[in-house]
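These notes concern the structure reproduced below.
The values are calculated or read from the model by the stated rules, or taken from the named source; none is laboratory data. Values in this document were obtained by computation on a predicted structure and should not be read as measured data. Positions of Cβ are backbone-derived with ideal geometry, glycine not excepted, and every protein chain shown enters the neighbour counts.
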Amino acid sequence: MGELPKKDWPHAPVHRIDEHGIYMVTAATLYKQALFRTPEALDLLQELLLELTKRSGWALEAWAVFANHYHFVARSEMHAVPLNQLIRELHSRSAIALNKLMATPGQRVWYNYWDTLLTYERSYLARLNYVHQNAVKHGLVAVANQYRWCSAAWFEQVASPAQVKTIYSFKTDRVNVIDDF
């Protein structure tokens with residue numbers, strides 16, 4: 001007998017954002033070590049993230065990279081590579097490049113990553129704000145657009161003032177993200 005189709009709850013319709021999917025991803029270094037602690041290392045991680053997501057068919061909508069973790073929100077395009085392949089390549093290439101930069105060949109860099117498929121618009125918008133504001137949350141800057149390894153300044157330049165105001169108005173206190181770094 002064939003598999004039954006999944007049904008949505010009839011009294012609370014699902015608000016699907018996109019048929020291909022929007023994901024929030026968080027990844028952590030091994031033992032939460034601050035391995036990307038220099039500006040050069042942060043540049044390396046951010047540049048690889050931007051390059052690989054674009055090449056793999058993922059449209060970045062928000063990102064923030066730190067010494068021991070990163071977050072991003074990305075939308076898969078029509079022919080995107082699977083998310084796990086993107087993450088595997090990002091982690092492999094960033095580990096090799098970091099170990100070369102820091103003269104630590106063979107050092108294990110990444111511990112794990114967590115992804116969440118965003119299917120509700122309010123959850124999606126709150127997570128965009130969460131990622132943009134993450135450097136402020138961690139006490140690295142007073143205003144998100146001052147942190148050069150996140151998308152806040154870019155977002156404020158490309159989005160309309162109304163879009164920026166809307167995204168930044170979403171509360172993030174109830175966003176459930178692994179972020180005890």
Among the residues that make up the stretch 74-81, is at least one of them among the β-branched types (Val, Ile, Thr), surrounded by 13 or more Cβ atoms within 10 Å (Cβ to Cβ) and within 20 Å of Trp149 (Cβ to Cβ)? no
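Yes/no matrix, rows are residues, columns are (1) basic (Lys, Arg); (2) over 30 Å from Glu40 (Cβ atoms):
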{"site": "Tyr120", "(1), (2)": "no, yes"}
{"site": "Leu125", "(1), (2)": "no, yes"}
{"site": "Val131", "(1), (2)": "no, no"}
{"site": "Gly139", "(1), (2)": "no, no"}
{"site": "Ala142", "(1), (2)": "no, no"}
{"site": "Ala152", "(1), (2)": "no, no"}
{"site": "Lys171", "(1), (2)": "yes, yes"}
{"site": "Asp180", "(1), (2)": "no, no"}
Within the stretch 116-123, identify whether any single residue is of a type in the set (Phe, Trp, Tyr), part of a loop (DSSP other than H, G, I, E, B) and at pLDDT below 95, and answer yes or no. yes
Those residues that are surrounded by 14 or more Cβ atoms within 10 Å (Cβ to Cβ) and small (Gly, Ala, Ser), I need them from the stretch 104-126; list them, please. Ser123, Ala126
Anything in the stretch 82-103 that is within 14 Å of Thr26 (Cβ to Cβ) and either loosely packed, with under 12 Cβ neighbours inside 10 Å or of a type outside the set (A, V, I, L, M) (or both)? List them, or say none. His91
Between residues in the stretch 127-145 that are surrounded by 15 or more Cβ atoms within 10 Å (Cβ to Cβ) and residues that are acidic (Asp, Glu), which pairs lie under 6 Å by C-beta distance while being six or more apart or on different chains? Asn145/Glu156
Is it true that some residue in the stretch 58-67 is outside any strand (DSSP E or B) and closer than 22 Å to Phe181 by Cβ? yes
Can you tell me which residues in the stretch 146-179 are farther than 18 Å from Phe72 by Cβ, free of Cβ contacts under 8 Å to residues at least 40 places away in the same chain and part of a loop (DSSP other than H, G, I, E, B)? Ser160, Asp173
Taking the conditions exactly as written (modelled with pLDDT under 95 and surrounded by fewer than 20 Cβ atoms within 10 Å (Cβ to Cβ)), does Pro39 satisfy them or not? no
Scan the stretch 159-168 for residues that are of a type outside the set (Phe, Trp, Tyr) and surrounded by 10 or more Cβ atoms within 10 Å (Cβ to Cβ) and report the count. 6
Matching option when the condition is hydrophobic (A, V, I, L, M, F, W, C), within 18 Å of the chain's Cα centre (by Cα) and not in a helix (DSSP H, G or I), among Val81, Val136, Val141: Val81
